[in-house]
Amino acid sequence: MTILMIGLAMFLGVHSVRIVAGRWRQVQIARRGEASWKLGFSVLSAVGLGLIIWGYGVARHTPVVLWNPPTGMRHAAGLLTLLAFILLTAVYVRRNHFKARFHHPMVLGVIAWAVAHLLANGTLAALLLFGAFLTWAALAFIAERRRDRLTGATYAAGTVRGTFITILGGTVAWAVFAFWLHAALIGVLPFRPIAW
């Protein structure tokens, strides 16, 4: 559990600098250069993510069970992760209604992903991992929306085409991950694979 906590502190700490110390971040970028800042950010993020994956994997071998989620929570988690994939896809598709309405769909996608996994998992490690990401994403969304108001940021209006591509792309990515990649990468099969 210690490895997981160190990884979370490192990964989410790096990603929280803009939330809690935006001016300090700007000073460091000006002093060290943007390339140097991005390199340090990337290295710390990668190490933190590696520790999270390692630490969570170790914790899953000797789980501390806090509660046993009902089977129906897996279905709710499936729907929420579908929403998460659509919101993450919205970041990369031009002129979709999700980005136009919410402005920061990535952090909303992380919120949906974290809530989904909290519903479907009842271990201490899951509570720590997904609870930490949920807290970070909620704070990041609030901070980003506040920054938008202060800077007067505007976002392009969504189109039917952009929204359709977003929903289709997110759904396909979700299906591939849920029915195949999740088992291969995480070792857990949320749904049975489709038999063709």
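The values are calculated or read from the model by the stated rules, or taken from the named source; none is laboratory data. All values reported here derive from a predicted model rather than from experimental measurement. All Cβ positions, even for glycine, are placed from backbone atoms using ideal geometry, and neighbour counts span all protein chains on display.
The table below gives the values:
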quantity: VAL64, sole failed condition from (1) surrounded by 14 or more Cβ atoms within 10 Å (Cβ to Cβ); (2) touching a Leu at 6+ places or on another chain (Cβ under 8 Å); (3) within 23 Å of GLY187 (Cα to Cα); calculated: (1)
quantity: Filter result for the condition that a residue is surrounded by fewer than 13 Cβ atoms within 10 Å (Cβ to Cβ) and more than 24 Å from HIS97 (Cα to Cα), over ALA153, ALA178, ALA184, ALA157; calculated: ALA184
quantity: In the range 142-194, the residues that are within 18 Å of LEU88 (Cα to Cα) and touching a His at 6+ places or on another chain (Cβ under 6 Å); calculated: GLU144, TYR155, GLY158, THR163
quantity: Qualifying residue in the range 117-139 (condition: over 15 Å from the mean Cα position of the chain (by Cα), at positive phi and surrounded by fewer than 23 Cβ atoms within 10 Å (Cβ to Cβ)); calculated: no
quantity: Condition check for PHE85: crowded, with 18+ Cβ neighbours inside 10 Å and not assigned by TED's automatic domain parsing to the domain that holds VAL110; calculated: no
quantity: Test: residue in the range 28-41 that is touching a residue at least 12 places away in the same chain (Cβ under 8 Å), at negative phi and among the aliphatic types (A, V, I, L, M); calculated: no
quantity: In the range 148-165, the residues that are in contact (Cβ under 8 Å) with a residue 40 or more places away in the chain and aromatic (Phe, Trp, Tyr); calculated: TYR155
quantity: Qualifying residue in the range 8-27 (condition: farther than 23 Å from PHE191 by Cα, out of contact with any helix residue (DSSP H, G or I) (no Cβ under 9 Å at 6 or more places or on another chain), loosely packed, with under 12 Cβ neighbours inside 10 Å and outside the structural domain of ALA116 (by TED's automatic domain parsing)); calculated: yes
